[in-house]
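Just below is one structure, and these are the notes that go with it.
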Amino acid sequence: MAKKLNVGIIGYGFMGRTHSNAYNRVTDFFDVPFDPVLKVACGLVEDEVKAFAANWGFESWTTDWHKVIDDKSIDIVDICVPNNVHAEIAIAAAKAGKMIICEKPLAMNAKQARTMVEAVEKAGVANLVSFNYRRVPAVTLAKRLIDEGRLGRIFHYRANFLQDWTISADVPQGGMATWRLDVKAAGSGVTGDLLAHCIDTAMWQNGRITAVNAMTETFIKERKHAETGKVEKVGIDDACTFFCRFENGSLGNFESTRYARGHKALYTFEINGEHASIFWDLHDTQWLMYFDHRDEGRMRGWRKIHVTDHGGDHPYMDHYWVPGLTVGYAETFVNQLADFLTAAAKGEPCSPTFREALETQKVCDAVLESAKSGTWVEVPEE
Ligand code: SOE
């Protein structure tokens, strides 16, 4: 019998739902060493947290996150609140000896992220930042192909994350569903929210980013604040484009916006190497495109790999249905949790740890600094 692990989730928005779903489903699909028990859900509004707890099967609920930390029976604290509260909760959870899963981006900036890294490392607690797209089977397969050296020397890495949900000036900033538009809650706009995903995947696949040159724009300068009711200056970046250099000598090209009419969550990346290229598209999650110049000339072309096979060929897929049948967005969180629980039982780190997520935070800081100064900015090694 797997050991029970009591979970306290803080935050009941979109991410609270994806994480709760993962806790409920992980033992259905994976033979994990821990059996998560949804012990307590925590959130600001009593009626809402009550309904959330009932819907996802939590044993109890609270509106005070300190109670989750102080509860000795809680083993794992899962942080799904806006970015400006991550640090305070994570540091308290680390001091209380809890395992921690924290939503991305880790913090408001690298300075704050460092304090979180220090806290979890000092306490020696298992920690993970939820950059869930790493656990899309096709994305994990891409990483394996790169690690096997199939692409040869890498020349280019390009990634986009395009959305269109903030084009209307009537979308408020701040508040429950729109805190991502409030710089005080989010720290930044698309850079921390969307490009952080691209940067995390890129550095995982292609190594450290050493220098960046960025531009950002805030298309709508003022929005009503959902909490104060007043029209206030918008402090986030609505769009961000940057070039970068990777340590391995390759060049990077990244774009993110919430103003790409028609695109809801178009995350794509392409990697071009000496021998082969890879392309992936979140809207076509289960496919990986692969081109290998070493193929016989008359047969050469882009292969469209349906990443649903079993027998260990395709990451995670043995745990699901039968070959040919797909999984989607929700399963990235299930896969991530399975990896985390497995690693935690062995006392091993599970990527991306807080320390690894700090690297992404440093790149985000450099991107925002470069956009301000209009110059290249080096990403500090320390
Ligand atoms: C924003 O719209 C958002 O929900 C991000 O916060 C998520 O991290 C991303 O996966 C999808 O878009």
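On the beta carbon distance between GLU274 and ALA345, with R0 = 35 Å, the FRET formula returns roughly 0.30. At full extension, ASP47 and ASP309 could sit 89.9 nm farther apart than now, given 0.36 nm per residue minus the alpha carbon distance. When the chain is treated as a GNM with alpha-carbon contacts under 10 Å, the residue of HIS197, HIS66, HIS86 showing the greatest mean-square fluctuation is HIS66.
Evaluated at q = 0.09, 0.10 Å⁻¹, a Debye calculation over the C-alpha positions of the chain (equal weights, vacuum) places log10 I(q)/I(0) at -0.52, -0.65. When the helices of the chain are scored as -39500 (n - 2.57) per DSSP H run of n ≥ 4 and the total is divided over every residue, the value at 222 nm lands at -10000 deg cm²/dmol. Full extension of the chain between HIS66 and ASN253 yields a length gain of 63.1 nm, computed as 0.36 nm times the residue separation minus the alpha carbon distance. Could you give me D for region 251-309, from Stokes-Einstein at 25 °C and 0.890 mPa s, where the hydrodynamic radius is the Kirkwood radius over C-alpha pairs? Units µm² s⁻¹, please. Approximately 184 µm²/s, per Stokes-Einstein.
Sorted ascending by nearby beta carbons within 10 Å, beginning with the fewest, LEU325, LEU288 become LEU325, LEU288. The Stokes-Einstein estimate for region 1-123, based on a Kirkwood radius over Cα pairs and taken at 10 °C with 1.306 mPa s viscosity, is a diffusion coefficient of 109 µm²/s.
In the elastic network of the chain, a GNM with C-alpha springs shorter than 10 Å, the most mobile of GLU118, GLU103, GLU255 is GLU118. Rounded if a/c is under 1.5, else prolate if a/b is larger than b/c, else oblate: which is region 57-209, with a ≥ b ≥ c the root eigenvalues of its Cα gyration tensor? Judged from the Cα gyration tensor, region 57-209 comes out oblate (a/c at least 1.5, b/c at or above a/b). Based on Cα contacts under 8 Å between residues 6+ apart, the chain shows a relative contact order of 20 percent.
If you run the Gaussian network model on the chain, springs between alpha carbon atoms under 10 Å, then out of ARG300, ARG223, ARG17 the most flexible one is ARG300. Label-to-label distance for VAL171 and THR218 is 1.5 nm, based on points extended 7 Å past Cα in the beta-carbon direction. Using a simple spin-label model with pseudo-atoms 7 Å out from Cα toward Cβ, ALA330 and PHE155 lie 4.3 nm apart.
Laboratory data are not the source of any read-out in this text; all were calculated from the coordinates shown. A quick note: this is a predicted structure, and the numbers were derived from the prediction, not measured. Note: ideal-geometry Cβ built from the backbone for every residue, glycine included; neighbour counts use all protein chains shown.
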